[in-house]
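Read the structure below first, then the notes.
We did not get these values from a lab; they are worked out from the coordinates using the rules stated. No experiment lies behind these values; they were computed from the predicted model shown. Neighbour counts are summed over all protein chains in view; Cβ atoms, including those assigned to glycine, are modelled from backbone coordinates with ideal geometry.
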Amino acid sequence: MHSLLPHNTFGIDVSAARFVEYASVPELKGLIAQGSITTPFLHIGGGSNLLFTADYDGLVLHSRIGGIELTDETADKVTLRVGAGVVWDDFVRHCVEQGYYGVENLSLIPGEVGAAAVQNIGAYGVEVKDVITAVETVNIRGKERVYLREECEYAYRHSLFKRAENKDTFISYVSFRLGKHPVYRLEYGAVRQELEHYPEVSLPVVRQAIIDIRRRKLPDPAEWGNAGSFFMNPVVPRAQWEALQAEYPDMPHYDLGDGRVKIPAGWLIERSGWKGRSLGPAAVYDKQALVLINLGGAKGSDIVALSDAVRAAVRQKFDIDIRPEVNII
């Protein structure tokens, strides 16, 4: 058995029957050819979007494919090919240091590049799909395929790679198209307020502002085990939102422009009375209700029980089901 404690940010003490890492596409294809990848198997990234509820009686795979390669450059744009095992925030820092625009709003999001492309991570008005151009993969039969962004079925926290039938497709590299001239996404109030503390806006300043906001709002997994935002923001028909707004005039929202409205799950949880409350060794973080934390020694089942209680409270009060963003294993 191999401990998965270092491989999940919730700090759940579980193990896998086998654990295998690979550092290149040829190494991965060699493992496949040798029959070393047996079912059941689970491919993980940095473990920042996982909740293990028990030991995993199978193989856990992890990519260590690294590298950030400049593959194309024009007067206005660059294309970077990045290994799936690169730590996401290391990649963002590299882009900011090189003066490449497009991912700075995604600073300090935990995890790795491959998982970011699977999950379509997003924050402060930017989703990673906005800058992805292609995703390179290897499937369980050793066949390589490149998916263009248009083929990836990107949507809110969703991609083609999250489908059950694609769990045997492993991402090896992701290509990103980034700008060389200043273009910022600063429409979020929290970002604009944070930037008021700086004399001017620049790429490093925007990155630092995002980092400062996230550090204030989100707990350090080294202190409180967590997976960041546990729930997705629900999207409801506009008529339902209008009925809710009549009862709750201060309800924040984001109009998607297609007859649907996105409502912050954190606001719903807080209004349901769960912000800062605990259930056994698990709690809703007192600074950000979207985050569930391990108070120490929690099992995956403890986190799930808290999640179920929070969801039930939101359903009862607002008739809205908030769904976990975290993958429960």
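A few remarks follow.
- Largest GNM mean-square fluctuation across ARG277, ARG238, ARG177, computed for the chain with C-alpha springs under 10 Å, falls on ARG238.
- Convex hull of Cα atoms in the stretch 46-180, direction-averaged projection (nm²): 8.6
- Theoretical gain in end-to-end length, THR74 to ALA305 [0.36 nm per residue, Cα-Cα removed]: 78.0 nm
- Most mobile of GLY85, GLY225, GLY296 in a GNM of the chain (Cα contacts under 10 Å): GLY296
- Three-way shape label, the stretch 2-98, alpha-carbon gyration tensor, a/c 1.5: oblate
- The stretch 224-329: C-alpha gyration tensor shape, a/c 1.5 cut-off, then a/b vs b/c: prolate
- Measuring between their Cα centroids, the stretch 197-257 and the stretch 19-92 lie 28 Å from each other.
- Computed extension length for ARG260-ARG141: 38.8 nm, one decimal, from 0.36 nm per residue of separation with the Cα-Cα distance subtracted.
- Ratio of the Cα radius of gyration of the chain to 2.2 N^0.38 Å, where N counts its residues: 1.02
- Size of charge dipole - the chain - debye, nearest 20, with Cβ of Lys, Arg +1 and Asp, Glu -1, no other charges: 400
- Summed residue charge, Cβ within 11 Å of ARG93's Cβ, Lys/Arg positive, Asp/Glu negative: -3
- Helix runs (DSSP H) in the chain reaching 15 Å along axis by Cα, Kyte-Doolittle at least -1.0: 88-98, 203-217, 300-318
- Sequence ranges 317-328, 143-154, 101-112, ranked by mean other-Cβ count within 10 angstrom, highest first: 101-112, 317-328, 143-154
- Cross-link reach is defined here as a Cα-Cα straight distance under 17 Å, omitting same-chain residues fewer than 8 places apart; for LYS29 the lysines meeting it are LYS143, LYS167.
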